[in-house]
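Taking it in order: structure first as structure tokens, then the write-up.
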Amino acid sequence: MRIRPYIESKDFDEITKWITEERAHALWCANLIHFPIEKDNFAKVMQEAAERFGDSPYVATSDDGELIGFFCYSVNLANNEGMLKFVMNNPRFRGKGYGKEMLRLAVKYAFEITNAQAVQLNVFPENEIAKKCYKAVGFTERKTDLNAFAYKDESWGRCNMVIRRS
């Protein structure tokens, strides 16, 4: 597996096929991105995240270039802590360990290239599969806020997870 910068002209159309159900979409992005994903809105959200937080979008690919996953990463220089956002995987590769491998590469990048001392992410506890994946990579729960997000008639928590450099 390889990680490279996201290239809109090469990657966008494929990524839009990965989340086709509205609730799964909300679990992925807290509705910060329109559903279904639209090119202009997606680009706008990526640009705003880059300007506000320094986020950069990345994709994980197989060795032959097939898209496996997507995520954004930034590092907060004030506390030297990286942040992963918008983590998603191609459904063809789910449940096969590719998500864990992508996260391990992202964390390795954070520690070795950006010199972050820790990497955090937020996940809805209701997204049990994602939370289990993050735990398997070594993320631990740091804080959970109850009722942080409303989706239709549901109220979801927000769990902040962190992995520290050893």
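I'm checking my understanding of the structure. Among residues of the range 57-73 that are more than 11 Å from the chain's Cα centre (by Cα) and not charged (D, E, K, R), which one is surrounded by the most Cβ atoms within 10 Å (Cβ to Cβ)? So that I can check it myself, show each step before the final result.
First, the residues of the range 57-73 that are more than 11 Å from the chain's Cα centre (by Cα): 60-68.
Restricting the remaining residues to those that are not charged (D, E, K, R) gives 60-62, 65, 67-68.
Details: Ala60: 24, Thr61: 18, Ser62: 13, Gly65: 10, Leu67: 20, Ile68: 21.
Within the range 57-73, the match that is surrounded by the most Cβ atoms within 10 Å (Cβ to Cβ) is Ala60.
Within the range 1-29, can you find the residues that are touching a residue at least 60 places away in the same chain (Cβ under 8 Å) and among the basic types (Lys, Arg)?
Listed by number, the residues that qualify are Arg2, Arg23.
Does any residue of the range 135-148 turn out to be over 18 Å from Met161 (Cα atoms) and without any contact (Cβ under 8 Å) to a residue 40 or more places away in the chain?
no
Can you pull out every residue in the range 8-34 that is out of contact with any Pro (no Cβ under 9 Å at 6 or more places or on another chain) and loosely packed, with under 13 Cβ neighbours inside 10 Å?
Listed by number, the residues that qualify are Ser9, Lys10, Asp13, Glu21.
Is the range 89-104 home to any residue that is surrounded by fewer than 17 Cβ atoms within 10 Å (Cβ to Cβ) and of a type in the set (A, V, I, L, M)?
No, there is no match, as no residue in the range 89-104 is surrounded by fewer than 17 Cβ atoms within 10 Å (Cβ to Cβ) and of a type in the set (A, V, I, L, M).
Hey, could you check the range 74-88 for residues that are in contact with an Asp or Glu (Cβ under 9 Å, 6 or more places away or on another chain) and closer than 20 Å to Ile37 by Cα and say which is surrounded by the most Cβ atoms within 10 Å (Cβ to Cβ)?
That would be Phe86.
Which residues, counting only those in the range 38-82, are more than 14 Å from Leu105 (Cα to Cα) and among the β-branched types (Val, Ile, Thr)?
Result: Val45, Val75.
Quick check on Gly97: is it in contact with a strand residue (DSSP E or B) (Cβ under 6 Å, 6 or more places away or on another chain) and at positive phi?
no
Cβ-Cβ under 7 Å, sequence separation 6+ or interchain: first residue in the range 51-80 and at positive phi, partner of a type in the set (Gly, Ala, Ser). Which pairs?
Cβ pairs passing all conditions: Gly54/Ser74; Asn80/Ala116.
Scan the range 84-115 for residues that are small (Gly, Ala, Ser) and more than 15 Å from the chain's Cα centre (by Cα) and jot them down.
Gly95, Gly97
Does any residue in the range 90-118 that is within 15 Å of Ile129 (Cα to Cα) and touching a residue at least 24 places away in the same chain (Cβ under 8 Å) come within less than 6 Å, Cβ to Cβ, of a residue that is small (Gly, Ala, Ser) and in a helix (DSSP H, G or I) six or more places away or on a different chain, and which pairs are these?
Pairs found: Lys100/Ala136.
All of the numbers you see were taken from the coordinates with simple rules; none came from a lab. Bear in mind that the values here come from a model prediction, so they are computed numbers and not experimental data. FYI the Cβ positions are ideal-geometry reconstructions off the backbone, even for glycines, and counts take in every protein chain you see.
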